[in-house]
Amino acid sequence: LLVHDLSGQGSIVALVDPDARTPLLACRTLPKSAPTAEILQALEKAEVVQNAPVRHILAVDDDPIVLETLTALLQALNIQVHTLEDPLRFWETLAAVNPEIVMLDVDLPYVGGVELCRALRAEPKYAELPVIFLSAYNDSETVHRVFTAGADDYVFKPIIGPELITRTRNRLRRVRSSPALG
């Protein structure tokens, strides 16, 4: 049993294979720290992911703590988060990873996340690839710029674990059901 506390925002619970550290049941997000009985009840309702394919996400952010947080939150969902701090290596990493979702920070050194999103949308191979922005900006101008560039979703920092997990799951479900991407 793996329980990951989200610093007062809730808990993620998953049943894992102790040898392989891979999920046998997808995690469930609980809104608060929970007693053992509530954790076990949540696991009974968890989706079975054993033998499910590993999903891949490319996360681009110059803050290593954000990248570590994303990895910790999403790995229990059978998602491999490929992290990138240097946006100048974006295209080569994108081609190597072939992700199902790209997560971008708005402010990146050298080239901004909005510019990377515009470039993705202009490239036919990646035009339909879901893009989730992560940013501390919550002003309407920045949000408008991001969606005008082609973003699919926007998550405010500091990241709230259950919100990120829900938004990521929703995007992955849409990728699976899309003939162009799934």
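Tell me the net charge near Ile79. Cut-off is 12 Å between Cβ atoms, Ile79 excluded, with +1 for each Lys or Arg and -1 for each Asp or Glu.
Net charge in that neighbourhood comes out at +2.
Enumerate the calculated ³J(HN,Hα) couplings along the stretch 144-149 in order (Karplus 6.51 cos²θ - 1.76 cosθ + 1.60, θ = phi - 60°), each rounded to whole Hz, writing x wherever the residue is Gly or Pro.
Couplings: 5, 4, 5, 6, 5, 6 Hz.
Specify whether the C-alpha gyration tensor of the stretch 94-140 places it in the rounded, prolate or oblate class, a ≥ b ≥ c being the square roots of the eigenvalues: rounded for a/c under 1.5, otherwise prolate if a/b is larger than b/c and oblate if not.
Prolate, because a/c is 1.5 or more and a/b exceeds b/c.
Roughly speaking, to the nearest percent, how much of the stretch 75-182's 1.4 Å accessible area is carbon and sulfur?
49
The values are calculated or read from the model by the stated rules, or taken from the named source; none is laboratory data. Predicted, not measured: the structure shown is a model, and the values here were computed from it. Cβ: placed from backbone, ideal geometry, glycine included. Neighbour counts: every protein chain shown. When the accessible area is computed, the model is the full protein with side chains, heavy atoms only, and any ligands, DNA or RNA have been set aside. Shrake-Rupley method; radii C 1.70, N 1.55, O 1.52, S 1.80 Å.
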